[in-house]
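Asker: Shown below is the structure under consideration.
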Amino acid sequence: MRSLPMATFLLRRLLGAIVTLLVLSVIVYGLFYLLPTDPARMICGPRCSPQDVAAVSRAYGLDQPIYVQYWHFLAAIVAGRDYSTGPSTVHCGAPCFGYSFETGQSVDSLLLSALPVTASLTLGGAVLWTTFGVGAGIASALRRGRLADKTLTGLVLASTALPPFVLALFLILLFCAYLQWLPFPNYVSIGDDPVQWAQSLILPWATLALLQAANYARLTRTSVLETLNEDHIRTARAYGLSERRIVARHALRGALTPLVSLLAVDVGPVLGGAVFTESVFGLPGLGKLLVGSVATVDLPVVGAVALLAGAFVILANVAADLLYVAIDPRASIR
Amino acid sequence: MSTTALTAAAEASQEPASAAPTGPRALWRTLRRDRAAMAGLVVVAALVLLALGAPLWTAIEGQNPYAYHDNLLNSALGGAPLGSFGGIGGAHWLGVEPQTGRDLFARIAYGAQVSLAVSIGATLLQVLLGVGVGLAAGLGGRFADALLGRAIDLAIAFPYLIFGIALLAVVPASFPRPVLLVVVMAVLGWGGTARISRAQTLSLRTRDYVAAARLGGSSTARIARREILPGLAAPVITYAALLLPANMVLEAGFSFLGIGVRPPTSSWGQILSTATTWYYADPTYVIVPCIVLFASVFGFVLLGEGVRKALDPRAANGSG
């Protein structure tokens, strides 16, 4: 009869995630309200008369009290919103994040065009660093000994000290300018040309992967070594199972839970790293969108990217909790 | 009389939370045997000297960080420095900046001031906020703990950098930038210290000597100050020692993205962001600031790791 506590556990986690998201949205919205500049004036542009500004303010509901505005902001994300500017009415579909102050484009369309780039970058990077990290971790665990441990610890320390943009600059300098093995990265979408897409992402992937891999290797090594000392492994050995089989079937399983939680914890920092990676390599992803909109104080875009990043982090944590239970039924249900 | 005696006895028998060496002198003895930590210390000391003595060093070099030198640039190459290796020589120790001809050594030395001041300031403020919240959560009763505990979780899960960028965008440019950076980094980065302080406070408050102090009539504020705070020192210092290099990277990062310190004030992140267009024509200009930033951060990381090992005996023998 463990389905009932399981269901309440899931429900509690989901509710918690929704509350956290709401708090996040209040913070993001609060940031805008604290800003001394007048959004209506920014939407309208520099040549607007006070009457025009007032009209824009009415159309966007900026003349209403803060809590009403916040409510509209939330409702627009859930159910869409109509903006009426005098005679015409513009409908903004379901997850509506409003319109850019700077270009007037819908924020949704900006996010939609940037999201695949950031997804290609971070997911591809994640595949790379988990493969290499876990592989190196297992290899060094099987070769027990202080040297592997020391090397890995050193590498982890070095990679925490390496800012992502320094690594990115260095990689470009080495592979594009000095060795000239790769052309200067110029992003091509996967739909246009998959080969050039991959080529344009090699160095960005390597940047993220090099920053993360050592950490994953050390974690894998520690947990594989721990599992190999447990009783059931000794039993398996006593039964004469091959070492390869023991590692593949049992030791890796023990390493999986900490790996999943590390991946969940890393979503925030990796999104941060993606901001720099994108801006050095000129990838038109969420990070570049964010930095570009910061320069022009384009608040709806800044807010939407921040909220989206927060949502990713929260969802990743919920997903990790679900995965724990799937990987290890013994995982405590809190 | 008996209660005072009890308190006195409790204070006398007050044992450190772990067998780790306590006090700066014992810490120093352990650190001195740690070769990596000593290497880190040397780098950190050099950096501090570079920053504090920036006016002196640049005077010896005979340069300043703001003067333009058009005569040192090759206009045919779009303003790359004349001479090899970015114009490195006796007059300009690390060469000059392309397009402006400003002295790179002077800009890096003055940039060190910004880097150190912002990262140290941010770390202190983060620790202050974190310890305050952690103490309040640990000693404030169930309701306060539940509320602050949630806040701590939220602060830790935040996509730190992205919210930092959003915050820096919102505050008007007239606000003094280094102060703003310190505040933004502290407001976003107190979660880790708070989590550690809360956990430690919760474990310390069940100790006998704290119970004795409570029986002796000490107020919560006095218990926090006299009984809990000393026990927080080791874990918080350990954490802060690793927080500082992270803050250094963050400051450089904000400046790299153009939302940190404003020109003409020099900052490493800013130098690196202008370097992104000079891979081919002036690679020295890319390499030198990269090395300086990496070496400084690595120095602090090595020192911090040494402090961690010295204060946490479990970390010293185990591998994780």
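Derivation of every value follows stated rules applied to the coordinates shown; laboratory data play no part. Just so you know, these numbers come straight off a predicted model, no measurement behind them. Methodologically, a virtual Cβ is constructed for each residue, glycine included, from the backbone with ideal geometry; neighbour enumeration extends over all protein chains shown.
Asker: For chain A, calculate the relative contact order in percent as a whole number, restricting contacts to Cα pairs under 8 Å that are 6 or more residues apart.
Answerer: Once normalised by length, the contact order is 22 percent.
Asker: With Kirkwood's inverse mean 1/r over C-alpha pairs for Rh, give me the Rg to Rh ratio of chain A, two decimals please.
Answerer: Rg divided by Rh gives 1.06.
Asker: So what's the angle, to the nearest 10 degrees on a 0 to 90 scale, between helix A:50-59 and the longest Cα principal axis of chain A?
Answerer: Helix A:50-59 sits roughly 50 degrees off the main axis of chain A.
Asker: Karplus couplings for the stretch A:18-24 from phi (6.51 cos²θ - 1.76 cosθ + 1.60, θ = phi - 60°), rounded to Hz, Gly and Pro as x?
Answerer: Each residue of the stretch A:18-24 in turn: 5, 4, 4, 4, 4, 4, 4 Hz.
Asker: What nm distance separates the two modelled labels at B:Val48 and A:Ser49, each placed 7 Å from Cα along Cα→Cβ?
Answerer: For B:Val48 paired with A:Ser49, the spin-label model returns 6.5 nm.
Asker: Rounded to the nearest 10 degrees, what's the angle between the helix B:283-311 long axis and the longest principal axis of chain B, both from Cα atoms, 0 to 90?
Answerer: Approximately 10 degrees, to the nearest ten.
Asker: I've got another one for you. Can you show me the helix-derived [θ] at 222 nm for the protein assembly as shown, built from DSSP H runs with n ≥ 4 at -39,500 (n - 2.57) apiece and divided by the number of residues, rounded to the nearest 500.
Answerer: Helices in the protein assembly as shown give a 222 nm mean residue ellipticity of -23000 deg cm²/dmol.
Asker: Let me ask something else about it. How large is the dipole of the stretch A:105-260 about the Cα centre if only Lys and Arg carry +1 and Asp and Glu carry -1, each at its Cβ, rounded to the nearest 20 debye?
Answerer: My answer is approximately 900 debye.
Asker: In whole Å, how far is the Cα centre of the stretch A:6-27 from that of the stretch A:135-183?
Answerer: Centre-to-centre (Cα) distance: 37 Å.
Asker: Between the stretch A:102-119 and the stretch A:244-306, how many Å separate their Cα centres?
Answerer: Distance between centres, Cα-based: 18 Å.
Asker: For the ranges B:157-168, B:258-269, what's the packing order if you count other beta-carbon atoms within 10 Å of each residue, average per peptide, and put the highest first?
Answerer: B:157-168, B:258-269
Asker: Taking the Cα atoms only, what angle lies between the long axis of helix A:286-295 and the longest principal axis of chain A, rounded to 10 degrees?
Answerer: It is inclined by approximately 40 degrees.
Asker: Return the average number of partner chain Cβ atoms within 10 angstrom of each residue Cβ along peptide A:123-136.
Answerer: 0
Asker: With +1 assigned to the C-beta of every Lys and Arg and -1 to the C-beta of every Asp and Glu, and no other charges, what is the dipole magnitude of the protein assembly as shown about the Cα centre in debye, to the nearest 20?
Answerer: Computed charge dipole of the protein assembly as shown: roughly 2360 debye.
Asker: Now for a separate question. Sort A:Leu262, B:Leu116 by Cβ crowding within 10 Å, fewest neighbours at the top.
Answerer: The fewest-first ordering by Cβ neighbours comes to A:Leu262, B:Leu116.
Asker: Give the order of B:Met248, A:Met6, A:Met42, B:Met38 when sorted by the count of other beta carbons within 10 angstrom, beginning with the fewest.
Answerer: In order of increasing Cβ crowding within 10 Å: A:Met6, B:Met38, A:Met42, B:Met248.
Asker: Let's see if you can work this out: charge +1 on each Lys and Arg Cβ, -1 on each Asp and Glu Cβ, no other charges. What is the dipole magnitude of the stretch A:37-96 about its Cα centre, in debye to the nearest 20?
Answerer: Dipole size: approximately 60 debye.
Asker: Okay, moving on. Grab the other residues whose beta carbon is less than 13 angstrom from that of B:Tyr66, score K and R as +1, D and E as -1, and report the net.
Answerer: Around B:Tyr66, the surrounding residues sum to 0.
Asker: Also, I was wondering about something else. Excluding A:Leu289 itself, calculate the net charge of residues whose Cβ lies under 14 Å from the Cβ of A:Leu289, where each Lys or Arg counts +1 and each Asp or Glu counts -1.
Answerer: Combined, the nearby Lys, Arg, Asp and Glu give -3.
Asker: Still on this structure, I have one more. In the protein assembly as shown, what cysteines have no partner Cβ closer than 4.7 Å?
Answerer: Cysteines lacking a close Cβ partner in the protein assembly as shown: A:Cys176, B:Cys290.
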